[in-house]
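What follows is calculated from the coordinates using simple rules that are stated; it is not laboratory data. A quick note: this is a predicted structure, and the numbers were derived from the prediction, not measured.
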């Protein structure tokens, strides 16, 4: 059996296991979704959102891209965010990066990779904003890990700057933003303690009036 064929077989086994527990499992799942969480994570295959937090289907709305970026011209991310906040009424948006992120690593270097260079430039901007702190870290692995953390922090603040999130706050919607980093070698999540629930932590130039 090829790997491709095994995927189909795995699906059948998974369905049967769910039905053995609850014969109406998929009927109930098909009725709709009301997840409390939007997860913005990295596209890395080693960081499956639902699995690492023990969430079931229907509990986490997910958007993934290279290096878990929140870019204000990314219509895919903005569309997901808008639907999650305004239609699904999620209460938490989590940006989850991970140590050993290839996108962040590539942004620390100057080698041209191709089209992705344009995406990586946004990550390089994070390095520029925190250059003094990062350059002061002599150990390359420690500097890399800190860069991963700072990238997550910046993405959380970029989320807070979006009109989608600020409009929700102006309407007194219960919406909290969080930043996490996942350890590939431990399986554990590190809460970076960057938690934002209103625009008071933003510079006034970013605070929108509706």
Estimated [θ] at 222 nm from DSSP helical runs (n ≥ 4, -39500 (n - 2.57)) normalised by residues in the chain, nearest 500: -13000 deg cm²/dmol
Separation of alpha-carbon centers, region 1-40 and region 90-111, rounded to whole Å: 28
P(r) histogram, all alpha-carbon pairs of the chain included - 10 Å bins from 0, percent: 8, 30, 32, 21, 8, 2
Rotationally averaged projected area of region 57-180 (alpha carbon convex hull; nm²): 8.4
Stokes-Einstein D in µm²/s, Kirkwood radius over Cα pairs - region 120-210 at 25 °C with 0.890 mPa s viscosity: 167
Share antiparallel - DSSP beta bridges, the chain, percent rounded to 5: 20
Contour minus Cα-Cα distance for residue 14 and residue 170 (0.36 nm per residue): 51.9 nm
